[in-house]
Amino acid sequence: MGILDQLGVGEGRLKEYSDFVNRYEQGHPSQGYSDQEVLTRYGEVAHAASADQYAQAAHEALSKLSPEERADILKMLQERAAARGVALPTQVPAEPKELGQVITDLHGKPGQLRDMLGANAIEDQQQGSGSNPIIEVLSSPAAKAVLAGIATMLIKRVMAR
């Protein structure tokens, strides 16, 4: 059973997914859709994928980003991990495969990747504001591109079957 089968996606939803994939591929990976749509698509498919499927999707999504954007994502993850006492591998290169594995590992613990990518998650947690960190993730175009890319790669793989 595939990801979309698990989600009970009908023909109307397949058109929505196909449209999302097309918009992802037409410009920069962080543009062409709303923040909410990225969150929705990512949320719908990311946890339905196996660890191997997710890792491959993360690798492919990161391959679409520039070396500078990947370095920004890595720096953000390292800073946030250190602030939270989360151990990340040392000396991780900002290359798609290695960075994709770090993202996959963070994704493996519910909420951890969201917390690491949330733009104001650390400050909000310290202040007890109760805001939702996943909303702030999209204030970083590179983080938005990663989530949109992972969702897109998972959808493409399933739709190709």
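The values are calculated or read from the model by the stated rules, or taken from the named source; none is laboratory data. All values reported here derive from a predicted model rather than from experimental measurement. All Cβ positions, even for glycine, are placed from backbone atoms using ideal geometry, and neighbour counts span all protein chains on display.
Given 123, 98, 136, which one is acidic (Asp, Glu), over 17 Å from residue 150 (Cα atoms) and either at pLDDT 90 or above or within 16 Å of the chain's Cα centre (by Cα) (or both)? It would help to see each step written out before you state the result.
On the way: 123 fails: either at pLDDT 90 or above or within 16 Å of the chain's Cα centre (by Cα) (or both); 98 fails: over 17 Å from residue 150 (Cα atoms).
Going through 123, 98, 136 in turn, just one is acidic (Asp, Glu), over 17 Å from residue 150 (Cα atoms) and either at pLDDT 90 or above or within 16 Å of the chain's Cα centre (by Cα) (or both): 136.
For residues in region 42-54 being within 17 Å of residue 111 (Cα to Cα) and more than 10 Å from the chain's Cα centre (by Cα), which is surrounded by the most Cβ atoms within 10 Å (Cβ to Cβ)? Write out each step before concluding.
Start the filter on region 42-54 by keeping residues that are within 17 Å of residue 111 (Cα to Cα), which leaves 42-51, 54.
Those still in the list that are more than 10 Å from the chain's Cα centre (by Cα) too: 44-45, 47-51.
Working: 44: 18, 45: 26, 47: 11, 48: 18, 49: 23, 50: 9, 51: 11.
In this case the residue turns out to be 45.
Could you pull out the residue among 75, 109 that is out of contact with any helix residue (DSSP H, G or I) (no Cβ under 6 Å at 6 or more places or on another chain), under 19 Å from residue 145 (Cα atoms) and not acidic (Asp, Glu)?
On the way: 109 fails: under 19 Å from residue 145 (Cα atoms).
None of the others qualify; the one that does is 75.
Applying the selection to region 24-36, what residues are without any contact (Cβ under 8 Å) to a residue 40 or more places away in the chain, in a helix (DSSP H, G or I) and under 23 Å from residue 70 (Cβ atoms)?
26
Could you check region 32-76 and list, in sequence order, the residues that are among the aliphatic types (A, V, I, L, M), closer than 17 Å to residue 141 by Cβ and at pLDDT below 90?
Matches in region 32-76: 38, 39, 76.
Which residue is surrounded by the fewest Cβ atoms within 10 Å (Cβ to Cβ), if the candidates are limited to region 101-120 and must be part of a helix (DSSP H, G or I) and modelled with pLDDT under 90?
Of all residues in region 101-120, those part of a helix (DSSP H, G or I) come to 101-107, 112-117.
Next, from what is left, pick out any that are modelled with pLDDT under 90: 112-117.
Numbers: 112: 16, 113: 26, 114: 21, 115: 19, 116: 27, 117: 26.
So, considering only residues that are part of a helix (DSSP H, G or I) and modelled with pLDDT under 90, the one surrounded by the fewest Cβ atoms within 10 Å (Cβ to Cβ) is 112.
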